[in-house]
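Data first, discussion second: the structure below is written as structure tokens.
No lab work stands behind these numbers, since they all come straight from the coordinates. Fair warning: this is a prediction, and the values are worked out from it, not measured in the lab. Backbone-built Cβ (ideal geometry, glycine too); neighbour counts: all protein chains shown.
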Amino acid sequence: MSVVPALVFGTTGTNLVLSFIVAMAVMLLVSSCLRPMAQRMAAVSGLYSYTAKGLGPRAAITAGWSAIFGYGLISMAGLLAVGTYGANIMERLWGSAGDGTLVITLIILAAAALAGFFMIRGIHISAKVTLLVECVSILLLASLLTAYFVLARPHVDLASLNPVNGNFHSLSLGVVVAVSAFVGFESSTTLGGEAQRPFINIPRTIRWTPIVTGALYLLAVTGQDIALKDAPGFIASSQTPLSDMFYFKTSALMAVMLDVGIAGSFFACVVASTNALARTLFCMGREGVAPAIIGHTHQTFRTPWAAILTAMPVITGVPIVMVLYGVSPEKGLTDLFTLGAYGYLGAYVLASASLPFFLRRIGEGTWASWASGGITVGAVTFVVWNAVTLSAYEGNVQPAIYGALVTLSVLNAELLRWRFPARLNAVGIYDEPRESDIHSSAKSGRIP
């Protein structure tokens, strides 16, 4: 709510509100495709398992690696933001904090270690930390934006709030960046083996998360659209525009409070995204798609510790390398969010396309499911294709990087087909309910 709008503003300028409206509409379409599958299947790996049941194992492997790519890139962006805004806090409170690169690096390492501890300790503590931090952050941002309009009284140009202004050149790329604010709404599908009443709670989460967060985003985006357009040019083009706007136009204390909320929110984002990544990777390890050691769980906490410890060095290392090489926070976040969004959208396309085949397989296929899947795939593909075209025109390499990932995932599937066909056939088997699962659930009172 506080960082992504500024990145979209830098990408599209005048299409900020429209970018979020389109992104929300696309996410609601994806939600409508994922929810029916979540009502019928409690999976450990979400999109990966849904695709396996609908389109088959080879498509599932691409969906799995694509989702892991998306979760990982968003986690990297989260750590980079924690380091950037954490260093901001130290600078505003104590002046120069020494070598800024060193400070950001140390904060990233500390945040990664704390996130890893919460994730290995258990999903319940991770979820509680995420929920508490996000609620505090949202209240902080809402209160501070309200105070800003009371104290700074920015000029409100009602004409500028018109979401349709005729400048659509960079809209698709802006939508992809805006989508990164929504992605992960489906991450609850990776908790099918751990959630209480998963066939009720997970579909409910998938339905309401994009609606509630979309409403919050549109309120925040409208406020920031007014504020950023009224702000001096050096603020709108800074690395942390919203924070600097508070610092220069209200008070340093309000800027620090905002930085605390932003850093805390991104820390929660790291925990949530990496939890989903680890469970997808864990399932692929169990099924032989990834190395078998990744499929091990902690003996005490029963969490996918091997997958977490495998992913965290990469998730931590990339933002640190970016900082050491002098990449600006704004460019780093934009690149990571855009790349992550490509990963999510690729997985969404395959999972949404799986819906009608998934339902037909269990004898519940309808024309509505074919229409829903087709419209969603068409909408997501249209957004991605336009963004890729624009990126290629501007010389950006993000689509090429994601294209390389898709190519490697296809080669991974083909290798399994030629060398280890039994492993390929086992994709999706890990989430199959067995008679013992039903009996144990009935004994525990989970099934009436």
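Could you put Trp305, Trp208 in order, starting from the residue whose Cβ has the fewest other Cβ atoms within 10 Å? Intermediate values should be presented prior to the final figure.
On the way: Trp305 20, Trp208 12.
Exposure proxy ranking, most exposed first: Trp208, Trp305.
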Structure-based [θ]222 nm, the chain - -39500 (n - 2.57) summed over DSSP H runs of at least 4, per residue, nearest 500: -26000 deg cm²/dmol
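Which of the DSSP-defined H helices in the chain satisfy a minimum axial length of 24 Å, computed from C-alpha atoms, and a minimum mean Kyte-Doolittle hydropathy of 1.6?
Details: long enough: 16-38 (33 Å, 2.10); 57-94 (55 Å, 0.77); 100-121 (32 Å, 2.15); 123-151 (41 Å, 1.92); 198-230 (47 Å, 0.51); 252-286 (51 Å, 1.37); 305-324 (28 Å, 2.06); 329-361 (47 Å, 0.45); 367-394 (40 Å, 0.87); 398-419 (31 Å, 0.55).
Helices passing the filter in the chain: 16-38, 100-121, 123-151, 305-324.
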Cβ-derived FRET efficiency at R0 41 Å, Arg197 paired with Leu28, nearest 0.05: 0.95
Rounded FRET efficiency, nearest 0.05, which uses the C-beta distance separating Ala110 from Trp370 and R0 of 60 Å: 0.75
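Arrange Tyr71, Tyr85 by Cβ neighbour counts within 10 Å, fewest through most, would you? Please report the intermediate quantities before stating the final value.
Numbers: Tyr71 30, Tyr85 27.
Ordered by Cβ neighbours within 10 Å, fewest first: Tyr85, Tyr71.
Count the lysine pairs in the chain whose Cα atoms lie under 29 Å apart, taking only pairs 8 or more positions apart in sequence or on different chains. Before the final figure, lay out each step's value.
On the way: Lys53/Lys443; Lys128/Lys443; Lys229/Lys249; Lys229/Lys331; Lys249/Lys331.
Step by step, the pairs that qualify in the chain add up to 5.
Take peptides 341-350, 111-120, 29-38 and line them up by average Cβ neighbours within 10 Å, highest first, as a rough protection proxy. Intermediate values should be presented prior to the final figure.
On the way: 341-350: 26.2, 111-120: 20.2, 29-38: 23.7.
My ranking of the peptides, most packed first, is 341-350, 29-38, 111-120.
Pairwise over distinct Cα atoms, reciprocal of the mean inverse distance: report the Kirkwood radius of the chain in Å, one decimal place. Numbers along the way, then the final one.
On the way: mean 1/r = 0.0446 Å⁻¹.
The Cα-based Kirkwood calculation yields 22.4 Å.
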Cα-projected label distance for Arg204 with Ala292, points at 7 Å along beta-carbon direction, nm: 4.1 nm
Tensor-based shape of the range 1-128 (alpha-carbon gyration tensor, a/c under 1.5 rounded, otherwise prolate or oblate): oblate
Taking only Cα atoms of the range 239-365, radius of gyration then Dmax in Å: 19.9, 62
